[in-house]
């Protein structure tokens, strides 16, 4: 019996680690979901192998523990690789202090549309970026009293999916599709922030295990942002962690960086121990000061994110 339990645990740990290790051999969209969970799956595999050692002391279970530890450590390294430096000197002054609220509110979450509108109105955010915005469409009249400028939900598009709200007028504005799977899920606008033009971009990408659409969308996004000059902040639902291969390629190519640690945004059942698939990226001279989870998901399957940022002089 002990030997049987040992074998079952080792098989499960081997399968888990084998799926994770496949990324080091070939880049396949089929495994993209597991790539985002490398830290979590590594921990589970290590626990399984340790339990197996309780039932039977054997070199193979020890080997699985070591492999799991290596994959775990590498996942943490990758989570930090494209993070902003944590040693910014206090003397590095910034132009203003601004807030950005970004939130995928889930397109079927109509019963909480009023509460989400209250959150937006009371957030004191300078810019708000909402994804799957249908549930707040009926609340737009009172939202626009606080945020008179917006793109999406009837402006530049007839649908209400991606939405950007601003207290300040747009100097430039663009809304377009990335690829052929979804329409009008990319917004780019330039806004004067106390004398400094800042580029705000929002994006909602397809899931990475929908064939190669995620990679195609990231390539198109990177090409567009490569032509953007000046301070840039990009927020959105990327449906993938920063350790997924195409996300790493995107960050390397664009020079965008994120905070570390990023707040977990999905699944909401995991709370602070989930993964980050809703990101906020920035490029110098824009500086991320804090990126925090909004702990009340308000019926969504994502947590919202509140970002404070400044512009280094």
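Filtering the range 220-232 to residues that are touching a helix residue (DSSP H, G or I) at 6+ places or on another chain (Cβ under 8 Å) and not in a strand (DSSP E or B) leaves 221, 222, 225, 226. Across the range 183-213, the number of residues qualifying as in contact with a helix residue (DSSP H, G or I) (Cβ under 6 Å, 6 or more places away or on another chain) and at pLDDT below 95 comes to 4. For the range 265-284, the set of residues classified as in contact with a strand residue (DSSP E or B) (Cβ under 7 Å, 6 or more places away or on another chain) and within 18 Å of residue 32 (Cβ to Cβ) consists of 265, 266, 274, 275, 277, 278, 279, listed by residue number.
Taken together, the residues in the range 294-308 that are in contact with a helix residue (DSSP H, G or I) (Cβ under 6 Å, 6 or more places away or on another chain) and more than 15 Å from residue 132 (Cα to Cα) amount to 0.
What are the residues in the range 291-313 that are assigned to a strand (DSSP E or B) and touching a strand residue (DSSP E or B) at 6+ places or on another chain (Cβ under 6 Å), if any?
Residues of the range 291-313 assigned to a strand (DSSP E or B): 291-294, 304-312.
Those that are assigned to a strand (DSSP E or B) and touching a strand residue (DSSP E or B) at 6+ places or on another chain (Cβ under 6 Å): 291, 292, 294, 304, 305, 306, 307, 308, 309, 310, 311, 312.
Scan the range 208-242 for residues that are surrounded by 23 or more Cβ atoms within 10 Å (Cβ to Cβ) and more than 22 Å from residue 262 (Cα to Cα) and the total you get is 1.
Would you check if residue 288 is closer than 23 Å to residue 199 by Cβ, in contact (Cβ under 8 Å) with a residue 60 or more places away in the chain and assigned to a strand (DSSP E or B)? If you could, list the steps in order and put the result at the bottom.
Details: closer than 23 Å to residue 199 by Cβ: yes; in contact (Cβ under 8 Å) with a residue 60 or more places away in the chain: yes; assigned to a strand (DSSP E or B): yes.
So residue 288 passes the test.
Please pick out the residue among 259, 264, 253 that is over 21 Å from residue 186 (Cα atoms) and in contact with a helix residue (DSSP H, G or I) (Cβ under 9 Å, 6 or more places away or on another chain).
Numbers: 259 fails: in contact with a helix residue (DSSP H, G or I) (Cβ under 9 Å, 6 or more places away or on another chain); 253 fails: over 21 Å from residue 186 (Cα atoms).
It is 264.
Could you please let me know if residue 166 is in contact with a strand residue (DSSP E or B) (Cβ under 9 Å, 6 or more places away or on another chain), assigned by TED's automatic domain parsing to the domain that holds residue 102 and under 25 Å from residue 242 (Cβ atoms)? The answer is no for residue 166.
Listed here are the residues, each with its yes/no results for (1) at pLDDT 95 or above; (2) buried (at least 22 other Cβ atoms within 10 Å of the Cβ).
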| position | (1), (2) |
| --- | --- |
| 244 | no, yes |
| 273 | no, no |
| 282 | yes, yes |
| 292 | yes, no |
| 300 | yes, yes |
| 307 | yes, yes |
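The values are calculated or read from the model by the stated rules, or taken from the named source; none is laboratory data. On a predicted model such as this, the values are computed, not experimentally measured, just so you know. Neighbour counts run over all protein chains shown; Cβ positions are idealised from the backbone, glycine included.
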